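Reading through the structure tokens given below for one structure.
The values are calculated or read from the model by the stated rules, or taken from the named source; none is laboratory data. This one's a predicted model, so the numbers in the text were calculated from it and none came from an experiment. Please note: Cβ atoms are built from the backbone with ideal geometry, for glycine as well, and neighbour counts cover all protein chains shown.
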Amino acid sequence: MPETTPSQGRPLELTELLTLLLEVSEQLSSTLDLDELMRRMASIVKRAIDYDVFAILLLKEKAQELYVRFSVGHPDEMVRTLRVKVGEGIVGRAAATRKSVLVNDVRKDPAYIQSLAAVRSELAVPLIAKNRVIGVIDLEAPWPDFFTEQHQNLLELLAGRMALAVMNARLYRRTLRQARTLQLLNEISRELSSVLVLKDLLRRIGTLTKRLIDYHRFSILLLDEQTRTLNPVIAVKQDESTPEKYNLTLDQGIVGAAARELKTILVPDVARDKRYIALNSDTRSELAVPLVHGDRVIGVMDLESPQLAYFTEEHARLIATLAPQISIAIENSRLYERVVRSEARRQRDLDRAREIQRHLMPTLAPQIPGLEVQVRFQPAVELGGDLFDFFAYAKDRHVLAIGDVSGKGAPAALYGAMVSGILRSLAREKLAPPELLLRLNLALLERKIEGHFITLTYGLWEAKTKTLRLANAGMPLPLLLHGDQIRQIRVEGVPLGLLANTEYQESTVHLESGDLLAMFSDGFVEAARGDDEEFGYRRLEKILREHAQRPVSEILGTISAEVARFEAGHPRRDDQTLMLMRVR
């Protein structure tokens, strides 16, 4: 180290000083980038004072300590680790007293904190803006008595302008950071709302949270309402999911306290918190945020770090801001999964009900003497309210029935099954068709179910005489194609299960070989397309006439295809049942 102090430069003339101050104002006001501002400040001071070691230390107000934000001549390790409490050392004294401190020989100052062994003199000037200390400018030299009062006065003059520039730059940086954070929070909220599978959602929360806070360990514990315990559903350590086996009551740990007290808990040092349960040996600091939906806690989000005081108040605010969105997303996901499970159960029940309904109904192509019969049944929803039945009435007589229950779905299907059972029971009495409908009506009135009734066409076929005796209770009139002539069979009556004291008429039709008879529910003729136009009788009659010579099964397929084409993909309004019979 040189024994003599080098030239410290001549004092600045007034004109030079004013010029310097003007340049300082221009340079400092022309940037809001904090790093660039620090470099300019170092360059400006260098022009006025030929320092060897230079540092700008900024104040952390809550901790009341100074840290190195920019330096020239200091080793990197010291810059990363040095923390000076306000009041300690020369720079700490400058911050505490709000006055410059000039030490001509640091070896004679017991408060000196050594940063470099060669340092002999030091000048520390506080940065004060709007009556607040925001930091300290610190100059060091390897010679005693290097800094003068002129240096001190000049640096004090520059410090006021520099302090204001630093405050503006930090405010600008904070504003940008807040804007980016808000944008990120908005993106996270949107993304969370798009994930409905709980397992995927929880993993996504862990990934998105890491964009806000670079945690070491992350976990979400959800509250079991029955056991009142917090059970981990996801845990992530260093970006890898790890299974967790423990659960906690609301009286256990920092996590339990956050859930119990419904407030965010920030612990800088878990070793000093009696609530901490040492589940992870490497944890030093912890942040626990309750997840609240409505007025009840549903779980806790927990972040851990191996560094002391790693999580900040700003971290706590960020997670607390995000927590309501996470809570809503979790509850929506739970609701979605409950709906999916319920829908799966419903679908299984419907599949089973459909299977039972198929077994309750007879074959679609029954063997009836003297007739070729085919049936097409298409429910509007999973279960249909239409019904049809065939069974032997006597040795040479067979019953053909087709009906339509009011409404659709499971209730209509159950009502139809009941009607079918009563119908078969009454048929054993070998009643005439009108008498059977009368007795069936009375039976349904005895079992009256609000809002339910049935229309029904009941036919009794005598193969020997080729005679069909018909009674009708509100069904569309059957169509008979004889040769190239088609007509409706006039047989009418009131739907069953509505009114007492009703009478039903009988119509007897003598058929010939080749005659084609159609009985159908109104779902066929009332099938509609987008403009609400209905398929109607005329289209059905036209198809029957044009395809009369084809096999019955083909005619049935053609009619179904034409109806589907007419509907053009629009939902089916009603169940559709069509029974075609050709006399052999």
If the Cβ limit is 9 Å and pairs must be 6+ apart or interchain, which residue in the stretch 254-265 that is of a type in the set (Asp, Glu) pairs with which residue that is surrounded by 20 or more Cβ atoms within 10 Å (Cβ to Cβ) and part of a helix (DSSP H, G or I)? none
Checking the condition surrounded by fewer than 19 Cβ atoms within 10 Å (Cβ to Cβ), under 27 Å from residue 574 (Cα atoms) and of a type in the set (Lys, Arg), which residue from 439, 424, 397 passes? 424
Residues of the stretch 556-572 being in contact with a strand residue (DSSP E or B) (Cβ under 6 Å, 6 or more places away or on another chain) and not polar (S, T, N, Q), which ones? 556
Return the residue satisfying two criteria in turn: it lies in the stretch 400-411 and is in contact (Cβ under 8 Å) with a residue 60 or more places away in the chain and surrounded by 20 or more Cβ atoms within 10 Å (Cβ to Cβ), and of such residues it is farthest from residue 497 (Cα to Cα). 400
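Which one is surrounded by the fewest Cβ atoms within 10 Å (Cβ to Cβ), of the residues in the stretch 571-584 that are touching an Asp or Glu at 6+ places or on another chain (Cβ under 8 Å) and among the hydrophobic types (A, V, I, L, M, F, W, C)? I'd like the intermediate steps shown before the answer.
So in the stretch 571-584, the residues touching an Asp or Glu at 6+ places or on another chain (Cβ under 8 Å) come out as 573-577, 581-584.
Still in the running and among the hydrophobic types (A, V, I, L, M, F, W, C): 581, 583.
Working: 581: 25, 583: 18.
Per the stated criteria, the residue is 583.
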Restricting the stretch 165-189 to residues that are over 16 Å from residue 301 (Cα atoms) and β-branched (Val, Ile, Thr), the residue that is surrounded by the most Cβ atoms within 10 Å (Cβ to Cβ): 166
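Just to be sure, is residue 181 of a type in the set (S, T, N, Q) and not in a loop (DSSP other than H, G, I, E, B)? Full working, then the answer.
Numbers: of a type in the set (S, T, N, Q): yes; not in a loop (DSSP other than H, G, I, E, B): yes.
Considered against the rule, which asks whether it is of a type in the set (S, T, N, Q) and not in a loop (DSSP other than H, G, I, E, B), residue 181 comes out as yes.
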Has the stretch 560-570 got at least one residue that is surrounded by 12 or more Cβ atoms within 10 Å (Cβ to Cβ), assigned by TED's automatic domain parsing to the domain that holds residue 454 and more than 42 Å from the chain's Cα centre (by Cα)? yes
Name the pairs: first residue in the stretch 66-79 and closer than 8 Å to residue 56 by Cα and touching a residue at least 12 places away in the same chain (Cβ under 8 Å), second residue outside any strand (DSSP E or B) and of a type outside the set (Asp, Glu), Cβ to Cβ under 6 Å, at least 6 apart or on different chains? 68/79; 68/82; 70/38; 71/79
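For every residue, the table says whether it meets (1) out of contact with any helix residue (DSSP H, G or I) (no Cβ under 8 Å at 6 or more places or on another chain); (2) under 14 Å from residue 54 (Cα atoms).
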| site | (1), (2) |
| --- | --- |
| 82 | yes, no |
| 85 | no, no |
| 96 | yes, no |
| 108 | yes, no |
| 112 | no, no |
| 123 | no, yes |
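What strands (runs of 3 or more DSSP E) lie completely within the stretch 60-156 and have 2 or more residues being of a type outside the set (Ser, Thr, Tyr) and surrounded by 16 or more Cβ atoms within 10 Å (Cβ to Cβ)? Show your work before the answer.
Values: elements: 65-72, 83-85, 101-103, 121-129, 132-141.
Strands (runs of 3 or more DSSP E) meeting the threshold: 65-72, 101-103, 121-129, 132-141.
Just checking, does the stretch 344-352 include any residue being touching a Leu at 6+ places or on another chain (Cβ under 9 Å) and over 30 Å from residue 289 (Cβ atoms)? Don't jump to the end; show me each part of the working.
At the first step, the residues of the stretch 344-352 found to be touching a Leu at 6+ places or on another chain (Cβ under 9 Å) are 350.
Then keep just the ones that are over 30 Å from residue 289 (Cβ atoms); that gives 350.
Yes - at least one qualifying residue is present in the stretch 344-352.
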So residue 494, is it buried (at least 16 other Cβ atoms within 10 Å of the Cβ) and closer than 30 Å to residue 463 by Cα: yes
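Identify the residue in the stretch 19-59 that is outside any strand (DSSP E or B) and in contact with a Gly (Cβ under 9 Å, 6 or more places away or on another chain) and, among all such residues, is surrounded by the most Cβ atoms within 10 Å (Cβ to Cβ). Before the answer, list the steps.
Step one: list which residues in the stretch 19-59 are outside any strand (DSSP E or B), which gives 19-52.
The next check asks that each one be in contact with a Gly (Cβ under 9 Å, 6 or more places away or on another chain); those that pass are 48-52.
Working: 48: 19, 49: 22, 50: 14, 51: 20, 52: 16.
Ranking the qualifying residues of the stretch 19-59, first place goes to 49.
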Taking the stated definitions as given, is residue 474 in the same structural domain as residue 367 (by TED's automatic domain parsing), closer than 25 Å to residue 541 by Cα, surrounded by fewer than 24 Cβ atoms within 10 Å (Cβ to Cβ) and in contact with a helix residue (DSSP H, G or I) (Cβ under 8 Å, 6 or more places away or on another chain)? no
Matching residues in the stretch 464-516 (among the β-branched types (Val, Ile, Thr) and in a loop (DSSP other than H, G, I, E, B)) number 5
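Might you check whether a residue that is closer than 19 Å to residue 311 by Cβ, loosely packed, with under 14 Cβ neighbours inside 10 Å and not hydrophobic (A, V, I, L, M, F, W, C) occurs anywhere in the stretch 235-242? Explain how you work it out, then say what you get.
Of the residues in the stretch 235-242, the ones closer than 19 Å to residue 311 by Cβ are 235-239.
After this cut, where a residue has to be loosely packed, with under 14 Cβ neighbours inside 10 Å as well, the list is 238-239.
From the residues that got through so far, the ones that are not hydrophobic (A, V, I, L, M, F, W, C) too are 238-239.
Within the stretch 235-242 (the criterion being closer than 19 Å to residue 311 by Cβ, loosely packed, with under 14 Cβ neighbours inside 10 Å and not hydrophobic (A, V, I, L, M, F, W, C)), the answer is yes, since at least one residue qualifies.
Could you go through the stretch 189-210 and let me know if any residue there is over 22 Å from residue 329 (Cα atoms) and in contact (Cβ under 8 Å) with a residue 12 or more places away in the chain.
Residues of the stretch 189-210 that are over 22 Å from residue 329 (Cα atoms), as a first pass: none.
No; the residues of the stretch 189-210 include none that is over 22 Å from residue 329 (Cα atoms) and in contact (Cβ under 8 Å) with a residue 12 or more places away in the chain.
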What pairs can you find where one residue is in the stretch 147-175 and within 12 Å of residue 101 (Cα to Cα), the other is in a helix (DSSP H, G or I) and modelled with pLDDT of 85 or more, and their Cβ atoms are less than 9 Å apart, with a gap of 6+ or different chains? 147/155; 155/45
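I'm trying to understand the selection: among the residues of the stretch 136-163, which are among the small types (Gly, Ala, Ser) and either under 17 Å from residue 24 (Cβ atoms) or out of contact with any strand residue (DSSP E or B) (no Cβ under 8 Å at 6 or more places or on another chain) (or both)? Spell out the reasoning first.
Within the stretch 136-163, the subset among the small types (Gly, Ala, Ser) is 141, 159-160, 163.
Of everything in the stretch 136-163, those that are among the small types (Gly, Ala, Ser) and either under 17 Å from residue 24 (Cβ atoms) or out of contact with any strand residue (DSSP E or B) (no Cβ under 8 Å at 6 or more places or on another chain) (or both) turn out to be 159, 160, 163.
So which of 271, 278 ends up being without any contact (Cβ under 8 Å) to a residue 60 or more places away in the chain, part of a loop (DSSP other than H, G, I, E, B), of a type in the set (A, V, I, L, M) and surrounded by fewer than 21 Cβ atoms within 10 Å (Cβ to Cβ)? Break it down into steps so the answer makes sense when it comes.
Details: 271 fails: part of a loop (DSSP other than H, G, I, E, B).
The unique qualifying residue is 278.
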Suppose we keep only residues that are of a type in the set (Ser, Thr, Tyr) and modelled with pLDDT under 80 within the stretch 190-212. Which one would you say is surrounded by the most Cβ atoms within 10 Å (Cβ to Cβ)? 193
Determine whether the stretch 460-467 contains at least one residue that is crowded, with 18+ Cβ neighbours inside 10 Å and within 20 Å of residue 412 (Cβ to Cβ). no
Within the stretch 284-296, tally of residues that are surrounded by fewer than 19 Cβ atoms within 10 Å (Cβ to Cβ) and either aliphatic (A, V, I, L, M) or in contact with a strand residue (DSSP E or B) (Cβ under 7 Å, 6 or more places away or on another chain) (or both): 2
Would you mind listing the strands (runs of 3 or more DSSP E) fully within the stretch 325-424 where at least 3 residues are in contact with a helix residue (DSSP H, G or I) (Cβ under 8 Å, 6 or more places away or on another chain) and of a type in the set (A, V, I, L, M)? 397-405
